[in-house]
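Visitor: I have a structure I would like to understand better, so I am pasting it below and will then ask my questions one at a time.
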Amino acid sequence: MLNFYPGPSKVYPDVRHFMQEAYDEGFLGTPHRGDQFVQLSRATVALLKRKINIPQDYYIFFTSSATECWEILIQSLTTSKSYHIYNGSFGEKWHEYAKRIRPKAEGLKFDVNEAMPVEQLAIGSDTELICITQSETANGTQVSNSSIITLQNRYRDKLIAVDATSSMAGLNLKMMKADIWFASVQKCFGLPSGLAVMACSPRAIFRAKQKADRAHYNSLLFMYEKMLNYQTTYTPNVLDIYLLRRVLENRPTVKLLDEELTERANNLYTFFSEFSDFKLLVENEEVRSKTVLALQGSERLIDELKKRAMHHDIRLGNGYGEWQRNTFRIANFPAILDEEFEELKRFFLHYYG
Ligand SMILES: *Cc1c(COP(=O)(O)O)cnc(C)c1O
């Protein structure tokens, strides 16, 4: 089965024997306050920093999901409100959850063919946190490094949090330019679901201390205090942390992966622009995601196409949110091999060329 679903997505084939080794090395029943876990956690943090270019002074945390990170950040870093800039379902959902916790949370929706409208923003002084989605998995758009830099320059006193769930560990993101970055591991990391990684700047931790939220099991302050000792507030997904360590050890640096993914994305965009039954959802080349492609056609065609692909053991991603029925998505994640994309192309040429 070829798997192009953008999450949960193809896991690295090595995961199969890493799981066996996790068992053999006794990780599955190991206490999460014990030395074996602490060593694993420490090694994984060091690898994350080295392999995906997270600044040395950022703090790394393990959570269960990206969704959990949304909530942690609102609870622990805002007392008044956050401001959400988005163009698709994931960014919008983050805003929805924020409003349930802090009813004043604001949002600005922009068009899928537009760059994030940084210049037009009017964010008030009582906004504590700006929330953006670097790669909007729902529609295959992305926010450029330069937009994030401009945002930071305009709002230097505010914390910026970036949901990078479908790009972290694939793209060489300029992590210095925002305070918080997070991603769950079932996308670009090529791992099974049930774990997320969050990186926070010293300034973010400083603000968390000022806010002093201690009302939740996953209050950022509790997480920070535990992580000083490479531990977590609750029993974490030790198996997934183990797999993360093993996969990272074998992975090239993110700079190299970014180059490879960029080239493959360019190639795929060129390839998919030549069909007449369906077209790329995002017309503006500047804002197209390098890690998730969205293609649009009639509902009937999309339905038929996905079934036909399944029949050939090719899993394409369903559409998502408002594009659920008239688009399908293709992940361009590092775990997927070039040969697999060649096979995907043959399928499309054969039936739709
Ligand atoms: C998949 C995804 C999420 C949700 O991830 P979970 O691990 O299911 O919480 C959030 N944001 C983006 C951008 C995503 O792609």
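The values are calculated or read from the model by the stated rules, or taken from the named source; none is laboratory data. Model, not experiment: these values are computed from the prediction. Virtual Cβ from ideal backbone geometry, glycine too; neighbours counted across all protein chains shown. Accessible surface areas use protein heavy atoms only, side chains included; no ligands, DNA or RNA. Shrake-Rupley method; radii C 1.70, N 1.55, O 1.52, S 1.80 Å.
Visitor: Please find, among 204, 164, 199, 212, the residue that is among the small types (Gly, Ala, Ser) and closer than 15 Å to residue 135 by Cα.
Guide: On the way: 204 fails: closer than 15 Å to residue 135 by Cα; 199 fails: closer than 15 Å to residue 135 by Cα; 212 fails: closer than 15 Å to residue 135 by Cα.
Only one candidate passes the filter, namely 164.
Visitor: Please find, among 47, 77, 108, the residue that is open to solvent by less than 10 Å² (accessible area, probe 1.4 Å), away from the ligand (no atom under 16 Å from the Cβ), assigned by TED's automatic domain parsing to the domain that holds residue 214 and touching a Leu at 6+ places or on another chain (Cβ under 8 Å). Walk me through it before giving the result.
Guide: Values: 47 fails: open to solvent by less than 10 Å² (accessible area, probe 1.4 Å); 108 fails: open to solvent by less than 10 Å² (accessible area, probe 1.4 Å).
None of the others qualify; the one that does is 77.
Visitor: Then there's this: Can you name every residue in segment 10-61 that is small (Gly, Ala, Ser) and without any contact (Cβ under 8 Å) to a residue 12 or more places away in the chain? Even if it seems obvious, please write down each step before you answer.
Guide: Taking segment 10-61 as the starting set, the residues that turn out to be small (Gly, Ala, Ser) are 22, 26, 29, 34, 41, 43, 46.
Result: 26, 29, 34, 46.
Visitor: Can you tell me how many residues within segment 167-195 are assigned to a loop (DSSP other than H, G, I, E, B) and either within 13 Å of the ligand (Cβ to nearest atom) or in contact with a strand residue (DSSP E or B) (Cβ under 9 Å, 6 or more places away or on another chain) (or both)? Steps first, please.
Guide: First, pick out the residues of segment 167-195 that are assigned to a loop (DSSP other than H, G, I, E, B): 167, 169-170, 172-174, 178-179, 185-195.
Retained after the next criterion (residues that are either within 13 Å of the ligand (Cβ to nearest atom) or in contact with a strand residue (DSSP E or B) (Cβ under 9 Å, 6 or more places away or on another chain) (or both)): 167, 169-170, 173, 178-179, 185-189, 191-195.
Number of matching residues: 16.
Visitor: Here is a follow-up. If I filter segment 218-238 for residues that are more than 15 Å from the ligand (Cβ to nearest atom), open to solvent by 10 Å² or more (accessible area, probe 1.4 Å), over 25 Å from residue 128 (Cα atoms) and not in a loop (DSSP other than H, G, I, E, B), do I get at least one hit?
Guide: For segment 218-238, residues more than 15 Å from the ligand (Cβ to nearest atom), open to solvent by 10 Å² or more (accessible area, probe 1.4 Å), over 25 Å from residue 128 (Cα atoms) and not in a loop (DSSP other than H, G, I, E, B): present.
Visitor: Also: Could you say which residue among 72, 132, 149, 60 is within 16 Å of the ligand (Cβ to nearest atom), β-branched (Val, Ile, Thr) and under 20 Å from residue 202 (Cβ atoms)? Talk me through it step by step, then tell me what you get.
Guide: Numbers: 132 fails: under 20 Å from residue 202 (Cβ atoms); 149 fails: within 16 Å of the ligand (Cβ to nearest atom); 60 fails: within 16 Å of the ligand (Cβ to nearest atom).
Checking each option against the conditions leaves just 72.
Visitor: Checking residue 251 against (1) within 16 Å of the ligand (Cβ to nearest atom); (2) open to solvent by less than 60 Å² (accessible area, probe 1.4 Å), which test does it fail?
Guide: With (1) within 16 Å of the ligand (Cβ to nearest atom); (2) open to solvent by less than 60 Å² (accessible area, probe 1.4 Å) applied to residue 251, the lone miss is (1).
Visitor: Next question. Report yes if residue 89 is surrounded by 24 or more Cβ atoms within 10 Å (Cβ to Cβ) and of a type in the set (Ser, Thr, Tyr), otherwise no.
Guide: On the way: surrounded by 24 or more Cβ atoms within 10 Å (Cβ to Cβ): no; of a type in the set (Ser, Thr, Tyr): yes.
In short, no.
Visitor: Just checking, how many residues over segment 152-163 are within 11 Å of the ligand (Cβ to nearest atom) and either out of contact with any Gly (no Cβ under 9 Å at 6 or more places or on another chain) or among the hydrophobic types (A, V, I, L, M, F, W, C) (or both)?
Guide: Step one: list which residues in segment 152-163 are within 11 Å of the ligand (Cβ to nearest atom), which gives 162-163.
Imposing the further condition that a residue be either out of contact with any Gly (no Cβ under 9 Å at 6 or more places or on another chain) or among the hydrophobic types (A, V, I, L, M, F, W, C) (or both) reduces the set to 162.
Summing the residues that are within 11 Å of the ligand (Cβ to nearest atom) and either out of contact with any Gly (no Cβ under 9 Å at 6 or more places or on another chain) or among the hydrophobic types (A, V, I, L, M, F, W, C) (or both) in segment 152-163 gives 1.
Visitor: So for segment 290-303 (the condition being under 21 Å from residue 344 (Cβ atoms), open to solvent by 20 Å² or more (accessible area, probe 1.4 Å), out of contact with any strand residue (DSSP E or B) (no Cβ under 8 Å at 6 or more places or on another chain) and of a type outside the set (Ser, Thr, Tyr)), does at least one residue qualify?
Guide: Yes, the conditions are met somewhere in segment 290-303.
Visitor: Follow-up. Take the conditions in contact (Cβ under 8 Å) with a residue 40 or more places away in the chain, buried (at least 23 other Cβ atoms within 10 Å of the Cβ) and more than 15 Å from the chain's Cα centre (by Cα) and apply them to residue 176. Does it pass?
Guide: Numbers: in contact (Cβ under 8 Å) with a residue 40 or more places away in the chain: yes; buried (at least 23 other Cβ atoms within 10 Å of the Cβ): no; more than 15 Å from the chain's Cα centre (by Cα): yes.
Taking the combined requirement at face value, the residue does not satisfy it.
Visitor: Residue by residue through segment 13-31, note down the ones that are in a loop (DSSP other than H, G, I, E, B), open to solvent by less than 80 Å² (accessible area, probe 1.4 Å) and within 11 Å of residue 239 (Cα to Cα). Please lay out each step first, then the result.
Guide: Step one: list which residues in segment 13-31 are in a loop (DSSP other than H, G, I, E, B), which gives 13-14, 25-31.
Narrowing the set further to residues that are open to solvent by less than 80 Å² (accessible area, probe 1.4 Å) leaves 14, 26-27, 29-30.
Of everything in segment 13-31, those that are in a loop (DSSP other than H, G, I, E, B), open to solvent by less than 80 Å² (accessible area, probe 1.4 Å) and within 11 Å of residue 239 (Cα to Cα) turn out to be 26, 27, 29, 30.
Visitor: What number of residues within segment 333-353 satisfy the criterion of being touching a Gly at 6+ places or on another chain (Cβ under 8 Å) and either under 25 Å from residue 92 (Cβ atoms) or open to solvent by 80 Å² or more (accessible area, probe 1.4 Å) (or both)? Steps first, please.
Guide: Here is the first cut: in segment 333-353, the residues touching a Gly at 6+ places or on another chain (Cβ under 8 Å) are 333-335.
Adding the requirement that they be either under 25 Å from residue 92 (Cβ atoms) or open to solvent by 80 Å² or more (accessible area, probe 1.4 Å) (or both) leaves 333.
So the count comes out to 1.
Visitor: Moving to a separate point now. Six or more apart or on different chains, Cβ under 8 Å: which pairs go from a residue in segment 86-114 that's free of Cβ contacts under 8 Å to residues at least 24 places away in the same chain to one that's among the small types (Gly, Ala, Ser)? Could you list them?
Guide: 99/105
Visitor: Can you find even one residue in segment 317-328 that is of a type in the set (Gly, Ala, Ser), surrounded by 19 or more Cβ atoms within 10 Å (Cβ to Cβ) and farther than 19 Å from residue 189 by Cα?
Guide: Here is the first cut: in segment 317-328, the residues of a type in the set (Gly, Ala, Ser) are 317, 319, 321.
Applying the additional criterion that residues be surrounded by 19 or more Cβ atoms within 10 Å (Cβ to Cβ) yields 317, 319.
Narrowing the set further to residues that are farther than 19 Å from residue 189 by Cα leaves 319.
Yes, some residue in segment 317-328 is of a type in the set (Gly, Ala, Ser), surrounded by 19 or more Cβ atoms within 10 Å (Cβ to Cβ) and farther than 19 Å from residue 189 by Cα.
Visitor: How many residues does segment 77-120 contain that are of a type in the set (Lys, Arg) and in contact with a Phe, Trp or Tyr (Cβ under 8 Å, 6 or more places away or on another chain)? Walk me through it before giving the result.
Guide: Going through segment 77-120, the residues of a type in the set (Lys, Arg) turn out to be 81, 93, 99-100, 102, 104, 109.
Next, from what is left, pick out any that are in contact with a Phe, Trp or Tyr (Cβ under 8 Å, 6 or more places away or on another chain): 93, 109.
Residues in segment 77-120 being of a type in the set (Lys, Arg) and in contact with a Phe, Trp or Tyr (Cβ under 8 Å, 6 or more places away or on another chain): 2 in total.
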